[in-house]
1. Could you tell me which of V253, V322, A202 has its Cα farthest along the dipole of the chain towards the positive end, charges placed at Cβ (Lys, Arg +1; Asp, Glu -1), taken about the Cα centre?
2. I need to check one value: relative contact order of the chain, counting alpha carbon pairs closer than 8 Å and at least 6 residues apart, in percent.
3. Ignoring ligands, DNA and RNA, what percent of the accessible area of the chain is carbon or sulfur (1.4 Å)?
4. Take the eigenvalues of the Cα gyration tensor for the range 20-114, scale each by 5, and report the square roots as semi-axes in whole Å, largest first.
5. Can you list residues from other chains, or at least 5 along the same chain, whose modelled amide H is less than 5 Å from the amide H of R217?
6. Rounded, prolate or oblate: which fits the range 236-384 when a ≥ b ≥ c are the square roots of the eigenvalues of the alpha-carbon gyration tensor, with rounded for a/c under 1.5 and prolate only if a/b beats b/c?
7. Compute the distance in nm between two label points, each set 7 Å from the Cα along the Cα-to-Cβ direction, one at K138 and one at S349.
8. Kindly identify the range 139-211 as rounded, prolate or oblate by the Cα gyration tensor criterion: order the square roots of the eigenvalues as a ≥ b ≥ c, call it rounded if a/c is under 1.5, otherwise compare a/b with b/c, prolate if a/b is larger, else oblate.
Amino acid sequence: MSDQPRRPRKPAKPYRRPKKDPVRVLAFEALRAVDERDAYANLVLPPLLRKAREEGDFDTRDAALATELVYGTLRRQGTYDAVVAACVDRPLREVDPPVLDVLSLGAHQLLGTRIPTHAAVSASVELARVVLGDGRAKFVNAVLRKIAQHDLEGWLERVAPPYDEDPEDHLAVVHSHPRWVVSALWDSLGGGREGIEDLLRADNERPEVTLVARPGRATTAELLDEEAAVPGRWSPHAVRLAEGGEPGAIAAVAEGRAGVQDEGSQLVALALANAPVEGRDRMWLDGCAGPGGKAALLGALAAERGAVLLASEKQPHRAGLVARALAGNPGPYQVVAADGTRPPWRPGSFDRVLVDVPCTGLGALRRRPEARWRRRPEDLDGFAPLQRGLLRTALESVRVGGVVGYATCSPHLAETRAVVADLLKQFPDADLIDARPLLPGVPDLGEGPDVQLWPHVHGTDAMYLALIRRTG
Ligand SMILES: C[S@@+](CC[C@H](N)C(=O)[O-])C[C@H]1O[C@@H](n2cnc3c(N)ncnc32)[C@H](O)[C@@H]1O
């Protein structure tokens, strides 16, 4: 993908809405919104699906197919761009973006699904006729017929450089990740080819839906009554929905007693809550709380211990989401909209502090299929001062003997260990504590004292956690 830059976006021409094949038209509309307006697939798709259902165009199977087409096409975009580039006689940047979207959708049906070849080609050509016009439909037809000459494996042999010549480029094309992301993930993961390939493969899988039963408000037993629900792997509060389903339709979720939360996020909150502190344990702070997933779990755990949670978030509208997540919390809490780098509270006020800092999100690529193509290495420079500033104030906010949890949903070393190492230099009276024993039963957490979770090892997002105690 990075070697075949797509053309700068320009608005698609209006097209007549077809009666036929609303699934592929909807998938195309979603891809255009992602491409043209920098929309997020997980935000753009639900309203489109809802509208299609209301118009009577869609049943559940249609919705599942449209979702798979959009997510699959976006995830595998790097691979499909390399294949399409091999089948057109000009650089990809000279192909109109809407045409490229139809070609990628077609490539995904041909190479990434079990849709029969003739159906994939004819449906894509029909889509092209409707949304691009007859002339460009001919071009789409010609390119897709070339793509249909090989299966995915055959294409990868042709378009990916040999592993021995350039391992990172090979993995980037085969597993559809930008090369710099492959490189960064590999630096953090270490090890040989097998581990990184497992991780990149896991990034291309649809993540399971995981629920959290917020302690004191819901039980896992209640959630396990749901169809195809199975216990979580690591968190005692987690329940997995093996068949996905609609979590919002579950009473405990609708009432806010339970929530949708990856087990990695649950483990971060649990490890911080279980870290030993010396003396008083009454004041807890979540310094980057929006939209409130970890705050809601921390609030429930704090309530069990008679502690108070202050949940702070810079963006007022996200602070509103935190307030919603915490509504009904069984113990005392407060939500404030505040800049965590210039906090309104006094230094040394808290016994436990979480800072789950803004980051590149490279650990959650399973959830945001377009994110890997939007991120740039330069983004790290943008986050670096903020991450350090937030950890600095977190360390100032905790009292001597208290604990800070520094978390990211990125395993990039520049956002994890480099930040922690820099701050430990500035705070000689702060020590890392071993987070691994605080996650009992969770294997392969690294050499410690910090922990790094991985999708291919733990089935969670790649969350990072360092626990730091102020000692003097
Ligand atoms: C990774 S998210 C936190 C996710 C949250 N802990 C959860 O589990 O739902 C980081 C949050 O930090 C907020 N943020 C960014 N800059 C901030 C600042 N200077 N002070 C406080 N919060 C900030 C962002 O708006 C975002 O909501």
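The values are calculated or read from the model by the stated rules, or taken from the named source; none is laboratory data. Values in this document were obtained by computation on a predicted structure and should not be read as measured data. Quick reminder, even Gly has a Cβ in these numbers, built from the backbone with ideal geometry, and neighbours come from all protein chains shown. Just so you know, the surface numbers come from the protein's heavy atoms only, side chains and all, with ligands and any DNA or RNA stripped out. Shrake-Rupley method; radii C 1.70, N 1.55, O 1.52, S 1.80 Å.
1. Working it through, the farthest residue towards the positive pole turns out to be V322.
2. On the way: 858 pairs, mean separation 56.9, N = 472.
So the answer I get is 12 percent.
3. Values: 10220 of 20360 Å².
Carbon and sulfur atoms account for 50 percent of the accessible area of the chain.
4. 24, 14, 11
5. Sorted by chain and number, the residues that satisfy this come to none at all.
6. Since a/c reaches 1.5 but b/c is at least a/b, the shape of the range 236-384 is classed as oblate.
7. Placing both labels 7 Å along Cα→Cβ, they lie 7.1 nm apart.
8. Oblate, because a/c is 1.5 or more while a/b does not exceed b/c.
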